[in-house]
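Data block below; observations after.
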Amino acid sequence: MKHPDWYPAWRQEAIEQLNAKNRGLQDDFGVGSWPRYDYDLKTGKLLFSDQVVVKVVAEIQVAGSTSGKGGNWLWAWGNSNLPGDVVTDAQRVRSFGEKNGIDELTQLFVTDDNDLTVLGWELAAVMARICNARGVYRSPRGEGGGLYLTIKSISRAN
């Protein structure tokens with residue numbers, strides 16, 4: 001895939017930054033350890049709870065999804081099933097890719113011969129860096145894929 005010379009190192013930095021951000025979300029808000037989570041794409045919210053009571057609320061954007069069946073990543077900007085309000089950051093990523101000649105940011109589907117979960121985290125990390133997200137959450141999907149949600153803001157529920 002075509003990309004500028006600086007992109008691989010920049011992408012790797014995005015992954016490292018995301019790892020640090022996600023550690024912070026775990027430490028500060030328990031993201032990844034709550035017994036229950038729910039997301040509502042119409043409202044753009046991700047809710048973490050202790051089974052009954054919501055404890056943490058995050059504002060989200062959808063980066064994209066991986067499909068075990070399809071063997072690929074689908075960018076949120078190209079998924080017509082998603083509400084427009086939760087794909088505006090993904091559209092920014094596409095524009096960034098067009099401006100800088102980065103194929104994996106402008107092609108609807110991205111494939112990787114290795115691990116789709118890793119690919120999903122890597123592309124979500126790129127979006128988190130471009131759009132200054134607080135972190136990323138992955139919601140598993142039944143057929144072996146995942147839905148990658150960037151966290152724009154997060155707070156404890158009242």
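Each reported figure results from applying straightforward, stated rules to the coordinates on display, with no laboratory input. None of the values given here were measured: they were computed from a predicted structure. Glycine gets a Cβ as well: all are built from the backbone with ideal geometry, and neighbour counts include every protein chain shown.
The C-alpha atoms of the chain define a longest principal axis, and helix 116-130 lies at about 90 degrees to it. Protection proxy ranking of 73-81, 146-154, by the mean of other Cβ atoms within 10 Å over each peptide's residues and highest first, is 146-154, 73-81.
For segment 78-124, the equivalent ellipsoid built from the Cα gyration tensor has semi-axes of 19, 15, 9 Å, listed from largest to smallest.
For every helix of n ≥ 4 consecutive DSSP H residues, a contribution of -39,500 (n - 2.57) applies; sum these over the chain, divide by its total residues, and give [θ] at 222 nm rounded to the nearest 500 deg cm²/dmol.
-11000 deg cm²/dmol
Per residue, the convex hull spanned by the alpha carbons of segment 7-156 comes to 106 Å³. For the chain, the relative contact order is 29 percent, taking Cα pairs closer than 8 Å that sit 6 or more residues apart in sequence and dividing their mean separation by the residue count. Non-local lysine pairs in the chain, meaning eight or more places apart or on different chains, with alpha-carbon distances under 22 Å, amount to 9.
Couplings for segment 54-67, taken from phi via the Karplus curve 6.51 cos²θ - 1.76 cosθ + 1.60 with θ = phi - 60°, read 5, 10, 9, 10, 10, 8, 10, 10, 9, 7, x, 9, 9, 10 Hz in order; Gly and Pro are left as x.
Net charge of the neighbourhood of Val110, taken over other residues with C-beta under 10 Å away and scored Lys/Arg +1, Asp/Glu -1, is -4. Seen from Val93, the other residues with C-beta closer than 13 Å to its C-beta sum to a net charge of 0, counting Lys and Arg as +1 and Asp and Glu as -1.
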